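Notes to accompany the following structure.
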Amino acid sequence: MSTVVADSGLAGTASALRRLYFVRFAFAIVWALVMFTMAKEITPFGAVLLVLYPLFDVGAAIYDAKVSRSTGKPTLLYVNVAVSSITAIGLAFACASGIPAVLRVWGAWAVVAGLVQLIVAIPRRKMGGQWPMILSGGISVLAGGSFIASAGADKPTLASAIGYAIPGAVFFLISALRLGRTAKGA
């Protein structure tokens, strides 16, 4: 009987994460497409969008923590909530300082959030659909380092930081699709 409950809990978690990953895919794609029009300078609207991205991550991590309690303790998801909240505040200030400051904050966030994503996804492998999340977390760590390094370029732009959202979106889409079997209880 406990196996049925465990399988049912896993299927419910997979279904909820699948929905979340589809939403994260759509948000990241739309966000990136809009932001690409503002990659060379920080406009007031662009600053709002830059702050919005980690705030969206906060909401996603809170939802993830709520729906995935059956797969483990959500401690790292709450760490992600704190890190992404601090990042949103940091970006609000960095936008006033210019693109190099934004790239440094964005890069530091990508490194820490990528590590969290990687560490959260590893024990979730049994659920399925987590290899894209593991890869995405690892790539995020590397990308974050490159954003920090690119902040020192002669004419830095936000293009690489914005482009970072697109592979992340694709990884969320692949994970969502792969979670379909577990979500159906197979």
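The values are calculated or read from the model by the stated rules, or taken from the named source; none is laboratory data. Keep in mind the model is a prediction, meaning the values are calculated, not measured. Glycine gets a Cβ as well: all are built from the backbone with ideal geometry, and neighbour counts include every protein chain shown. With ligands, DNA and RNA removed, areas are computed over all heavy atoms of the protein, side chains included. Shrake-Rupley method; radii C 1.70, N 1.55, O 1.52, S 1.80 Å.
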Notebook entry, point to check: Among the residues of the stretch 129-143, is there at least one that is out of contact with any Leu (no Cβ under 9 Å at 6 or more places or on another chain) and surrounded by 18 or more Cβ atoms within 10 Å (Cβ to Cβ)?
Noted result: yes
Next item on the list: For residues that are more than 20 Å from A151 (Cα to Cα) and of a type in the set (G, A, S), scanning just the stretch 38-69, find the one that is most open to solvent (accessible area, probe 1.4 Å).
Entry: G59
Notebook entry, point to check: Which condition number in (1) surrounded by fewer than 21 Cβ atoms within 10 Å (Cβ to Cβ); (2) modelled with pLDDT of 95 or more; (3) under 13 Å from the mean Cα position of the chain (by Cα) is the one that A165 fails?
Noted result: (2)
Item checked: Pair list, Cβ under 7 Å, 6 or more apart: the stretch 119-144 residue among the hydroxyl-bearing types (S, T, Y), other residue crowded, with 17+ Cβ neighbours inside 10 Å -> S136/Q117; S136/G168; S136/F171; S140/A110; S140/A113; S140/G114; S140/Q117
Check: within 12 Å of the chain's Cα centre (by Cα), hydrophobic (A, V, I, L, M, F, W, C) and part of a helix (DSSP H, G or I) - does that describe any residue in the stretch 34-47?
Finding: no
Next item on the list: Among the residues of the stretch 18-62, write down those that are among the hydrophobic types (A, V, I, L, M, F, W, C) and under 21 Å from M127 (Cβ atoms).
Entry: L20, F22, V23, F25, A60, A61, I62
Notebook entry, point to check: How many residues are among the small types (G, A, S), open to solvent by less than 30 Å² (accessible area, probe 1.4 Å) and more than 15 Å from the chain's Cα centre (by Cα) when one looks only at the stretch 84-127?
Noted result: 4
Next item on the list: Six or more apart or on different chains, Cβ under 6 Å: which pairs go from a residue in the stretch 156-182 that's without any contact (Cβ under 8 Å) to a residue 60 or more places away in the chain to one that's open to solvent by 40 Å² or more (accessible area, probe 1.4 Å)? Could you list them?
Entry: P156/P100
